[in-house]
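Here is the structure we will look at, set down as structure tokens.
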Amino acid sequence: MQRRKFLKNSGALTAGMLTTPIIAATDTYTNNPKPRTNVSKATIPIAICTWDFGNATAKAWEVLSLGGSSLDAVHQGVMVEENNLDNQTVGNGGRPDRDGNVTLDACIMDKDANCGAVLAIQNIANPISVARKVMEETPHVMLVGKGAEQFAYEQGFEKTNLLTEKSKKEWEEWKKTSQYKPIINIENHDTIGMLAIDKNGDIAGACTTSGMAYKMAGRVGDSPIIGAGLFVDNEVGGATATGVGEEVVRTVGSFLIVELMRQGKSPQEACEEGVKRIIAKNKDKQDFQIGFIAINKQGETGAYCIHPGFTYRTYTDEGHVNNPSGSYLKS
Ligand code: SD4
């Protein structure tokens, strides 16, 4: 199995940016808030993302370091991967479904719990931008398929052929031996989920993917589902997921991680518990990959992933915290 990197990229200190402890706001949902104590000094602004996407966090960092909002940071950050034709699991150049159509999923969520999503959209290179338009220009949260595409054209997005020659050739090869069966492919998971806190301490997140390669037409995973692939509560923190979306949807994974943080767990503890709950519900399955990343209001981060065969990976910071393009964690 080719080893993949599961990354936690941290935008961090540069000149003029102070580390300011952010005190968790009082929890308005319970009478017994448990803000974490004894946390290390917060480092904000900060941007983290799944996998090995240093260029994406560098872009997010650029926005944050100029005083931009966490919403703009995650939006522009994940767009780097949507536009990266070498990334065959996100945006333009993504692998198609089993019928040869590239269908994309994305969602975005801001500090005020505004959110927008597009599901199974075709012919649009930047689904995250359409998701943001859904959030900002419509009273809705989700638009799907043809409706999402139509909305995108109305908003001025261009029709783009997303199937690159490379992805087309690979799909044609796949058809020769696959017997046209959707596969739970374990090594084609490079969805980008990104979380950021800006200089005001406000949190936002974004998640975008072409989903599983050669999926059944119409299949949607967790990535565009608020609560599953992404969740932000500006009083507590944010989380986003990568891996087999069906498992994340079943456990409402990102919402779960944020709720665990609300109850007092650190982002790392919350990510680990989220993954372990999924494992516990899948004792008979040994062949899937799930990962979560999280940040809390104080600027602490966490990341946890399992790989096929249930090898747990606890990731440790490699220490590049002063590098805007991020510290990262390896499998
Ligand atoms: C999905 N969660 O569609 C996505 C796949 C993924 O990296 O994470 N790929 O199920």
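Summary of values
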| item | result |
| --- | --- |
| Whole-angstrom gap from region 66-119 to region 154-183, using each part's C-alpha centre | 17 Å |
| Where a label projected 7 Å from the Cα of Gln150 along Cα→Cβ would reach, residues of region 94-131 with amide N under 17 Å | 118-124 |
| Glu136, Glu170 arranged by Cβ crowding within 10 Å, fewest neighbours leading | Glu136, Glu170 |
| Theoretical gain in end-to-end length, Asp287 to Met216 [0.36 nm per residue, Cα-Cα removed] | 23.7 nm |
| Simple label model, 7 Å out from Cα along Cβ direction - Ala280 to His140, nm | 3.7 nm |
| Rel. contact order, % - alpha carbon contacts under 8 angstrom, at least six apart, region 89-157 | 27 percent |
| Length released on extending from Asn200 to Lys175, taking residue separation times 0.36 nm less the Cα-Cα span | 4.0 nm |
| Proximal charge balance of Glu154 [Cβ under 12 Å; K/R count +1, D/E count -1] | -1 |
| Residue-count net charge about Ala217 - beta-carbon cut-off 12 Å; Lys, Arg +1, Asp, Glu -1 | +1 |
| Too-long pairs where the Cα-Cα distance tops 32 Å, listed order kept, from Lys159/Lys285; Lys111/Lys265; Lys146/Lys297; Lys215/Lys276; Lys111/Lys168; Lys133/Lys265 | Lys159/Lys285; Lys146/Lys297; Lys111/Lys168; Lys133/Lys265 |
| Reachable aspartates and glutamates, given that their alpha-carbon falls under 16 Å from the alpha-carbon of Lys169 and they are not under 8 places away in the same chain | Asp86, Asp97, Asp99 |
| Relative contact order (%) - criterion: Cα under 8 Å, at least six apart; region: region 151-284 | 17 percent |
| Net charge contributed by nearby residues that have their C-beta within less than 11 Å of Leu85 (K/R +1, D/E -1) | -3 |
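No value in this document is a laboratory result; all are computed from the given coordinates. The model shown is predicted, which means the values in this text are computed figures rather than measured ones. Cβ: placed from backbone, ideal geometry, glycine included. Neighbour counts: every protein chain shown.
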